[in-house]
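Undergrad: To start, I am sharing the structure in question, which I have written as structure tokens.
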Amino acid sequence: MKVLFASAECAPFFKTGGLGDVVGALPKELAKKGVEVAVVLPLHKTIPTEYRDRFEHVASFSVDVGWRNQFCGIEQLRLDQVTYYFIDNLYYFDRDQLYGFYDDGERFAYFQLALIEMLQVVDFIPDIIHVNDYHTAMIPFLLKEKYHWVSAYQSIRTVLTIHNIEFQGQYNPNILADLFGVGDGRYHDGTIRFHNDVNWLKAGIVYSNYVNTVSHSYAGEIQTAEFGNGLDGILRMESGKLRGIINGIDYELNNPETDKVLAANFSQQDLAGKKVCKKELQNIVGLPEREDVPIIAVVSRLTHQKGFHLVLEELENLLQYDVQFILLGTGDPAFEHQFKLLSEWYPNKCAAHLTFDLELAQQIYAGADLFLMPSKFEPCGLSQMIAMRYGTLPVVHEIGGLKDTVKPYNPIEKTGTGFGFSIFTPFYMMEALKKAIHVYQEEKDVWQQLIQTAMSQDFSWTSSSEQYLALYQELTRDAM
């Protein structure tokens, strides 16, 4: 079986979030299972030199982007049994960031057209093209409406993964002719129209053979008006081909037994090193070195979606308890300012590092006791799974992937892998934190059992990749 992943980002080359992590990990896991896997990416300027130096130039050709005739270079890199193709065009991709430009619609229209036309040039005709988010969601539409006459493409099946439905790619209908070189019939009949725009994600939902999102609960939530961002109706119509498959995490990268940035390594069987990591974390962030106080940590973008207005409403109240609070992240300037002020007012209890620091993030996962994720919505979330891998118990809003991966503490049975609150208010978040603090301080044996249970959970890509493989196999059987 041949599978081609189409994505705007991919670790370790360049990423801004969970999309990059998934496209970095899932193809490698599928390759281990004998799938012939390729990944196609824009050649962003930010790719590290160590990878660029290993490129092999494969081909050069021209791509028509509407009336524009644009250069396309194809660079190839083989890594971890996966073939990576990078689409090279300085005009579109020689930029300091991946997104956020006035011409993003044109940039990713070019990328999708170039990807499709690349397939015959590099002689890689996949059984499945797996597209990700709106940046590549027009590919299933283009295969059926623009390239349907190409016999080599007619048996290709498509899967669309929605990592975050908030971003949909909505553009003026003029782009159909101006960028894609197709007619506007499917706009006027409503197939790809949304609020008088062409909606790329809607097109992907309608034209893909299967649509999946990154947790079971989120697959249900996006079919409701509260979480569907306007596309809930079309998702309910297409629910027969909608699936939810939880993301995994990279077990080689996130391994407390081998992580090189930790002051000491540890395992589920021997947690002594976690105490060393806690002491080192307190030293790094400038908090008193106390083993008896619970560290509540956050590693996140500071946005309303991530629930930080709830945290700021209750943080002074929280700091009246015998706890320490550590935050790592950047985002809303107003949130950053408030966290900075609180760290100055409570220097022995609160440390706010308003930056992006991968090494410190790993040290926080390993050294903290509790990991706070009060997201308003969360398609999957990786941080709660990484935290559990390092024996740090999550405190989460029971929504989306957080609900699917964290088993809330049951005070009667003394079981769980973390703590949860189901009503999205500061009060209920604080109640969950108070429960966690109580168990930490008063029920130490129970606390240790919760850590053991959390660390024993399987969040590797092994089981998730099996579900994707089953999906692909079902599609290829249907194509026969």
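The values are calculated or read from the model by the stated rules, or taken from the named source; none is laboratory data. Since the structure is predicted, the reported quantities are computational estimates derived from the model, not experimental observations. Glycine also receives a Cβ, built like all others from the backbone with ideal geometry; neighbour counts cover every protein chain displayed.
Undergrad: Any idea which of (1) of a type outside the set (A, V, I, L, M, F, W, C); (2) in a helix (DSSP H, G or I); (3) within 22 Å of the chain's Cα centre (by Cα) is the one T476 doesn't satisfy?
TA: So T476 meets the others, but not (3).
Undergrad: In addition: Within segment 265-298, track down each residue that is assigned to a helix (DSSP H, G or I) and either farther than 20 Å from T355 by Cα or among the hydroxyl-bearing types (S, T, Y) (or both).
TA: A272, G273, K274, K275, V276, C277, K278, K279 - these are the residues of segment 265-298 that are assigned to a helix (DSSP H, G or I) and either farther than 20 Å from T355 by Cα or among the hydroxyl-bearing types (S, T, Y) (or both).
Undergrad: Any residue at all in segment 248-258 that is within 23 Å of T158 (Cα to Cα) and either outside any loop (DSSP other than H, G, I, E, B) or in contact with a helix residue (DSSP H, G or I) (Cβ under 9 Å, 6 or more places away or on another chain) (or both)?
TA: Yes, that holds for at least one residue.
Undergrad: Of (1) within 18 Å of L302 (Cα to Cα); (2) in contact (Cβ under 8 Å) with a residue 12 or more places away in the chain, G367 satisfies all except one. Which?
TA: (1)
Undergrad: Six or more apart or on different chains, Cβ under 9 Å: which pairs go from a residue in segment 185-203 that's assigned by TED's automatic domain parsing to the domain that holds N229 to one that's among the basic types (K, R) and assigned to a helix (DSSP H, G or I)? Could you list them?
TA: Short answer, once both residue conditions are applied: T191/K202; I192/R186; I192/K202; R193/R186; R193/K202; F194/K202; V198/R186; A203/R186.
Undergrad: Quick one: count up the residues across segment 393-422 that are under 20 Å from the mean Cα position of the chain (by Cα) and under 18 Å from D369 (Cβ atoms).
TA: 4
Undergrad: Which is assigned by TED's automatic domain parsing to the domain that holds R68 and either under 18 Å from the mean Cα position of the chain (by Cα) or within 30 Å of Q362 (Cα to Cα) (or both), of E226, E221, E238?
TA: Among E226, E221, E238, only E221 is assigned by TED's automatic domain parsing to the domain that holds R68 and either under 18 Å from the mean Cα position of the chain (by Cα) or within 30 Å of Q362 (Cα to Cα) (or both).
Undergrad: Look through segment 215-232, keep the residues that are surrounded by fewer than 13 Cβ atoms within 10 Å (Cβ to Cβ) and not acidic (D, E), and return whichever of them is farthest from I399 (Cα to Cα).
TA: Restricting to residues being surrounded by fewer than 13 Cβ atoms within 10 Å (Cβ to Cβ) and not acidic (D, E), the top hit is A225.
Undergrad: In the list K340, K306, which residue meets the criterion of being closer than 22 Å to I423 by Cβ, in the same structural domain as G416 (by TED's automatic domain parsing) and either assigned to a loop (DSSP other than H, G, I, E, B) or without any contact (Cβ under 8 Å) to a residue 60 or more places away in the chain (or both)?
TA: On inspection, the qualifying residue turns out to be K306.
Undergrad: Determine if segment 149-170 includes at least one residue that is of a type in the set (K, R) and not in a helix (DSSP H, G or I).
TA: Yes, segment 149-170 contains a residue that is of a type in the set (K, R) and not in a helix (DSSP H, G or I).
Undergrad: I'm told I423 meets every condition in (1) part of a helix (DSSP H, G or I); (2) more than 23 Å from D292 (Cα to Cα) except one. Can you identify the failing condition by its number?
TA: Answer for I423: the failing condition is (1).
Undergrad: Between a residue in segment 432-451 that is surrounded by fewer than 14 Cβ atoms within 10 Å (Cβ to Cβ) and any residue that is among the polar types (S, T, N, Q) and assigned to a helix (DSSP H, G or I), which pairs come within a Cβ distance under 9 Å, given they are 6 or more apart or on different chains?
TA: Sorted first by the residue in segment 432-451, then by its partner, the list stays empty.
Undergrad: State all residues of segment 1-42 that are more than 11 Å from the chain's Cα centre (by Cα), crowded, with 22+ Cβ neighbours inside 10 Å and assigned to a loop (DSSP other than H, G, I, E, B); if no residue qualifies, say none.
TA: S7, A8, F13
Undergrad: Restricting attention to segment 185-213, report how many residues are more than 25 Å from the chain's Cα centre (by Cα), assigned to a helix (DSSP H, G or I) and not aromatic (F, W, Y).
TA: 3
Undergrad: Further question on the same structure: Just one of (1) under 27 Å from the mean Cα position of the chain (by Cα); (2) over 15 Å from L113 (Cα atoms) trips up E56, so point out which.
TA: (1)
Undergrad: Quick one: in segment 171-184, which of the residues that are in contact (Cβ under 8 Å) with a residue 24 or more places away in the chain and either not assigned by TED's automatic domain parsing to the domain that holds M118 or not in a loop (DSSP other than H, G, I, E, B) (or both) is farthest from E117 (Cα to Cα)?
TA: The residue in question is Y171.
Undergrad: Any idea how many residues of segment 233-269 are β-branched (V, I, T), surrounded by fewer than 17 Cβ atoms within 10 Å (Cβ to Cβ) and modelled with pLDDT under 95?
TA: 0
Undergrad: Just checking, how many residues over segment 65-88 are surrounded by 17 or more Cβ atoms within 10 Å (Cβ to Cβ) and either modelled with pLDDT under 95 or out of contact with any strand residue (DSSP E or B) (no Cβ under 6 Å at 6 or more places or on another chain) (or both)?
TA: 2
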